[in-house]
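Worksheet: one structure, shown below.
The values are calculated or read from the model by the stated rules, or taken from the named source; none is laboratory data. Every value quoted in this text rests on a predicted model; they were computed, and no experiment measured them. All Cβ positions, even for glycine, are placed from backbone atoms using ideal geometry, and neighbour counts span all protein chains on display. These accessible areas exclude ligands, DNA and RNA; they are computed on the full protein's heavy atoms, side chains included. Shrake-Rupley method; radii C 1.70, N 1.55, O 1.52, S 1.80 Å.
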Amino acid sequence: MQAPGAPKARLDFLNTRPPPNYVAGLGRGATGFTTRSDIGPARAAPDLPDRSAAAVGGAAPAAGGVGSGRGKGGAGEEDEEDDNEEKGYDENQKFDEFEGNDVGLFASAEYDEDDKEADAIWEAIDQRMDSRRKDRREARLKEEIEKYRASNPKITEQFADLKRKLYTLSSAEWDSIPEIGDYSLRNKKKRFESFVPVPDTLLEKARQEKEHVSALDPRSRIVGGMETPSAQTPVADLTAVGEGRGTVLSVRLDRILDSVTGQTVVDPKGYLTDLKSMKITSDAEISDIKKARLLLKSVTQTNPKHPPGWIAAARLEEVAGKMQVARQLIKKSCEECPKNEDVWLEACRLASSLEAKAVIAQGVKANPNSVKLWMQASKLEEDTANKSRVLRKGLEHIPDSVRLWKAVVELANEEDARLLLQRAVECCPLHVELWLALAKLETYESAKKVLNKAREKLPKEPAIWITAARLEEANGNTASVGKIIERAIRALQREGLEIDREAWMKEAEGCERAGSLGTCQAIINNTVGIGVEEEDRKRTWVADAEECKKRGSIETAKYIYAHALTVFRTKKSIWLKAAQLEKSHGTRESLDALLRKAVTYIPKAEVLWLMGAKEKWLAGDVPAARAILEEAFAAIPDSEEIWLAAFKLEFENRETERARKLLAKARERGGLERVWMKSAIVERELGNVDEERRLLNDALRRFPSFFKLWLMLGQLEERLGNSDKAKDAYESGIKNCPNCIPLWLSLASLEEKMNGLSKARAVLTMARKKNPQSPEPWLAAVQAEARHGYKREADVLMAKALQECPNSGILWAASIEMAPRPQRKTKSSDALKKCDHDPHVIVAVAKLFWQERKVEKARNWFNRAVTLAPDIGDFWALYFKFEQQHGTEEQRNDVLKRCVAAEPKHGEKWQATEKAVENSHEPTESILKKVVASLKEEENLAENNHN
């Protein structure tokens with residue numbers, strides 16, 4: 001085998017010094033360059049071992065002697081030392097981590113005091129920066145710990161809130177909590193159970209054990225019955241043993257309860273209360289309290305003159321339940337911060353009731369100018385005289401405290417209060433409340449002087465001027481009230497104060513509430529137009545009046561309308577709003593005066609004349625109403641509304657002849673269709689059939705498109721039994737008015753009476769084709785099918801009707817009533833989804849609650865229906881019938897009163913009853929009761945048919 005040769009020496013040329021004038025790449029034609037790293041000491045890597053030729057040559061003599069030019073004193077080493085001397089440092093020395101290669105530059109420098117000071121400054125800066133980072137680092141660490149604890153809570157923390165809620169459980173709930181069983185998997189395994197019949201001997205033995213033997217045992221007889229034979233002690237009954245053990249245990253527990261020394265009794269009544277008051281502190285809370293205690297201790301020790309730190313420390317101990325420690329801390333804080341009022345207030349709060357006065361006395365002594373401490377000292381006193389004495393003592397030290405003056409005045413009687421306020425305005429001349437309070441207590445002349453002084457001291461205060469106006473009004477000088485307010489506006493504007501319109505209107509409302517109506521009116525007249533553009537005045541003033549009305553300031557709203565009417569005298573809308581306000585909240589005299597004034601400015605306004613005449617009529621003054629209508633005739637001779645109002649006045653007061661003459665004059669003047677219709681109504685009531693027919697025929701020649709005339713003609717012929725003529729009338733009406741639903745329904749009803757259901761079906765089908773979106777023909781068709789017993793056809797028609805008119809409340813209400821009882825709730829829910837605010841659906845739901853005996857819900861739904869549709873009389877009748885069955889006398893009277901005020905005119909039952917000839921002059925109350933009676937008759941008839 002070949003012996004391994006010696007390894008070749010590795011030449012690390014990168015760490016050797018280059019030859020003199022060596023330029024890298026010059027031999028292959030590259031151009032040399034110099035970078036920033038080539039300049040200075042950075043060209044060599046001093047941290048690498050020195051393997052240069054000089055170092056290698058220095059080690060050679062140890063092996064092979066001294067060679068030419070390589071010895072210890074060779075020229076190469078001398079040249080290197082010379083270079084190092086020229087540079088001032090050695091390139092091959094150890095690299096310093098902080099100063100780099102520059103450490104050699106400062107190795108020989110002296111470390112003087114300036115260097116020491118500079119190092120100390122830099123070290124302080126480093127410590128400061130490290131402390132800032134430390135705060136952030138600790139905050140971040142604390143946040144991470146809190147997040148970890150929140151995501152991984154302890155068992156005690158998880159159930160802490162549940163433990164606190166245990167006090168809400170009642171005794172019955174405590175008893176109903178089941179005992180936890182063994183739910184381990186081992187016990188869930190099904191075990192094989194075997195059942196063996198019990199032998200008769202065991203049963204007999206058990207029977208014998210339970211028997212009561214009245215004779216002695218033979219062995220006991222031998223000794224005279226004084227011994228119990230031990231060998232024959234019967235086996236005890238297990239049930240009796242258990243009962244006995246329980247009895248013994250209860251006796252022992254009773255003894256423990258009766259023991260006075262070691263009594264630990266749980267009060268069954270106060271147990272839940274104790275749970276509620278007991279503070280359950282978890283481990284996390286205890287840890288937080290300890291941390292907070294350390295932090296606050298550090299705060300109070302580092303800065304003992306910082307009052308919030310002491311207060312926080314005391315409150316922490318109070319929360320922790322250590323009241324004595326808290327009092328000691330706050331006492332120490334009073335010693336450290338005797339000039340801080342918050343510390344003394346906290347000490348007073350923490351002190352016992354016996355020590356609180358002494359503590360606050362020390363605080364007042366240390367801070368005689370603290371208003372809070374004097375107020376607290378007065379609160380601690382129980383007697384009014386002592387309270388006043390403390391406050392007066394405080395005023396000796398703080399005479400300019402408004403709070404103390406107010407408190408002491410409240411405790412004094414009227415005479416003392418007046419004297420105190422005289423002194424108070426001297427000490428606090430810039431506080432307007434003290435001046436006003438003094439003016440209220442003074443006489444009229446003295447109050448004027450006080451207010452004049454106050455005006456001199458406070459020239460920019462509007463409350464002084466308003467109080468002066470109210471003072472004059474209270475003393476009967478109403479003429480000067482407006483002048484005072486006018487002067488006030490000018491004076492305040494001269495002082496440069498901007499007049500706030502909203503604030504002055506609020507002052508006016510305040511004057512109204514105080515009873516100073518003259519001042520209120522003066523403020524409105526002088527300030528309501530300030531800052532309002534001319535084109536916005538009407539809209540703004542009406543809005544202001546409505547807002548005042550909503551807030552209950554009725555008189556202020558009246559004054560705003562009155563001022564607006566002085567500017568807009570010919571605006572009918574403002575007159576109407578003012579009249580409505582007077583009608584709701586005023587008297588009949590004020591309303592009559594307002595309407596009289598209105599018609600003088602707007603004589604062509606029909607509604608104002610009619611309102612005035614109606615108010616007189618309602619007041620029972622029929623001649624005055626006639627007089628107003630005569631004036632209206634003179635002002636508006638061709639007004640149909642006034643002619644009809646005059647007719648109604650005479651007709652309702654049973655002046656039939658006068659009513660006929662008025663209508664005749666109206667017809668001669670070219671009256672419209674309503675005049676002819678009213679004329680026919682009068683003749684119908686009088687029983688003049690021929691005259692009624694003649695009037696209707698003449699009217700129809702003039703107004704063939706007025707459907708009510710066709711209806712009246714058809715109804716006339718039906719009353720007389722002329723069915724064919726009635727049918728012709730209805731058919732003629734349909735030709736002229738094809739979209740009139742009442743004509744179609746009347747014709748269908750007549751056809752049903754004359755020719756049966758099939759003809760009525762044809763008429764209703766044609767009506768639905770002519771009026772596809774009208775629910776009334778659909779409902780009439782459904783009702784016709786139901787009347788004849790065709791329930792299935794009625795259901796089919798109802799389904800089609802709801803598809804055609806899905807938002808019709810009438811159809812949905814009928815659908816609810818037609819549905820079987822178990823399905824009515826579902827139907828009502830669907831109906832409410834489709835048309836929530838339809839009164840017919842609401843009444844249907846109310847009737848459903850009524851049937852289920854849910855009285856309050858039914859009453860609420862009926863009330864909602866009549867509120868939404870007060871003009872439908874059938875709803876009022878159902879509501880009144882419901883209250884007759886389930887309500888009190890007061891509730892029935894309330895419904896009746898509301899119905900009379902609403903004056904309903906519509907409704908299937910209501911119109912049929914009201915328009916009957918025998919009920920033509922009946923009041924609303926009578927019509928309501930008759931409709932209720934008819935509803936009861938229909939209900940009884942339906943029950944009889946069902947039975």
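Here are the numbers for this structure:
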item: Pick from the range 869-916, criterion touching a helix residue (DSSP H, G or I) at 6+ places or on another chain (Cβ under 6 Å) and β-branched (V, I, T), ranking: nearest to L935 (Cα to Cα); result: T913
item: Any chance Q773 is in contact (Cβ under 8 Å) with a residue 12 or more places away in the chain and exposed (fewer than 14 other Cβ atoms within 10 Å of the Cβ); result: yes
item: Breaking point among (1) assigned to a loop (DSSP other than H, G, I, E, B); (2) within 30 Å of F651 (Cα to Cα), for N739; result: (2)
item: Long-range neighbours under 7 Å by Cβ, at least six apart or interchain, first residue more than 17 Å from K604 (Cα to Cα) within the range 623-639, second open to solvent by 20 Å² or more (accessible area, probe 1.4 Å); result: A624/K616; A625/K616; A625/W617
item: Sole residue being in contact with a Ser or Thr (Cβ under 9 Å, 6 or more places away or on another chain), in contact (Cβ under 8 Å) with a residue 60 or more places away in the chain and of a type in the set (D, E, K, R), chosen from R654, R660, R667, R684; result: R684
item: Only listed residue being of a type in the set (A, V, I, L, M), in a helix (DSSP H, G or I) and open to solvent by 20 Å² or more (accessible area, probe 1.4 Å), chosen from L662, L644, L591, L629; result: L662
item: From the options A844, A831, A865, A858, residue that is at pLDDT below 90, assigned to a helix (DSSP H, G or I) and open to solvent by less than 10 Å² (accessible area, probe 1.4 Å); result: A831
item: Residue list for the range 562-588, filter: under 23 Å from I523 (Cβ atoms), modelled with pLDDT of 85 or more and open to solvent by less than 40 Å² (accessible area, probe 1.4 Å); result: H563, A564, L565, F568, I574, A578, L581, E582
item: The lone exception for I155 - which of (1) within 26 Å of I286 (Cβ to Cβ); (2) at pLDDT 80 or above; (3) more than 35 Å from the chain's Cα centre (by Cα) it fails; result: (2)
item: Residue check, A784 more than 25 Å from K881 (Cα to Cα) and either open to solvent by less than 60 Å² (accessible area, probe 1.4 Å) or touching a Lys or Arg at 6+ places or on another chain (Cβ under 9 Å) (or both); result: yes
item: Counted residues, the range 528-567 - those being assigned to a helix (DSSP H, G or I), polar (S, T, N, Q) and in contact (Cβ under 8 Å) with a residue 40 or more places away in the chain; result: 1
item: Among (1) more than 30 Å from E692 (Cα to Cα); (2) in contact with a Lys or Arg (Cβ under 8 Å, 6 or more places away or on another chain); (3) of a type in the set (S, T, N, Q), the one test that S808 misses; result: (2)
item: Conditions (1) surrounded by fewer than 17 Cβ atoms within 10 Å (Cβ to Cβ); (2) within 19 Å of Q911 (Cα to Cα); (3) touching a helix residue (DSSP H, G or I) at 6+ places or on another chain (Cβ under 6 Å); (4) not hydroxyl-bearing (S, T, Y): number failed by K725; result: (2)
item: Residue ID - most open to solvent (accessible area, probe 1.4 Å), chosen from residues in the range 347-400 that are among the β-branched types (V, I, T) and part of a helix (DSSP H, G or I); result: T384
item: Residues within the range 879-900 that are in a helix (DSSP H, G or I), out of contact with any Lys or Arg (no Cβ under 7 Å at 6 or more places or on another chain) and open to solvent by 30 Å² or more (accessible area, probe 1.4 Å), tallied; result: 11
item: Sole exception among (1) under 24 Å from I734 (Cβ atoms); (2) open to solvent by 50 Å² or more (accessible area, probe 1.4 Å); (3) assigned to a helix (DSSP H, G or I) for L700, by number; result: (2)
item: Checklist (1) open to solvent by less than 60 Å² (accessible area, probe 1.4 Å); (2) within 21 Å of K604 (Cα to Cα); (3) touching a Phe, Trp or Tyr at 6+ places or on another chain (Cβ under 9 Å) applied to M677, failing item; result: (2)
item: Only listed residue being farther than 25 Å from D838 by Cβ, at pLDDT below 90 and not in a helix (DSSP H, G or I), chosen from E943, E922, E937, E918; result: E922
item: Test for I464: is it at pLDDT 80 or above, open to solvent by less than 30 Å² (accessible area, probe 1.4 Å) and under 40 Å from the mean Cα position of the chain (by Cα); result: yes
item: Count of the range 800-814 residues which are assigned to a helix (DSSP H, G or I) and either touching a Ser or Thr at 6+ places or on another chain (Cβ under 9 Å) or crowded, with 22+ Cβ neighbours inside 10 Å (or both); result: 7
item: Test for V932: is it surrounded by 15 or more Cβ atoms within 10 Å (Cβ to Cβ) and either touching a Ser or Thr at 6+ places or on another chain (Cβ under 9 Å) or not aromatic (F, W, Y) (or both); result: yes
item: The one condition in (1) out of contact with any Cys (no Cβ under 9 Å at 6 or more places or on another chain); (2) not in a loop (DSSP other than H, G, I, E, B) that G789 fails to fulfil; result: (2)
item: Residues located in the range 712-722, provided they are in a helix (DSSP H, G or I) and surrounded by fewer than 19 Cβ atoms within 10 Å (Cβ to Cβ); result: Q715, R719, L720
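Rundown of residues vs (1) within 26 Å of I681 (Cα to Cα); (2) of a type in the set (A, V, I, L, M, F, W, C), yes/no style:
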| site | (1), (2) |
| --- | --- |
| S573 | no, no |
| D592 | no, no |
| V599 | no, yes |
| W609 | yes, yes |
| W617 | yes, yes |
| G620 | yes, no |
| I642 | yes, yes |
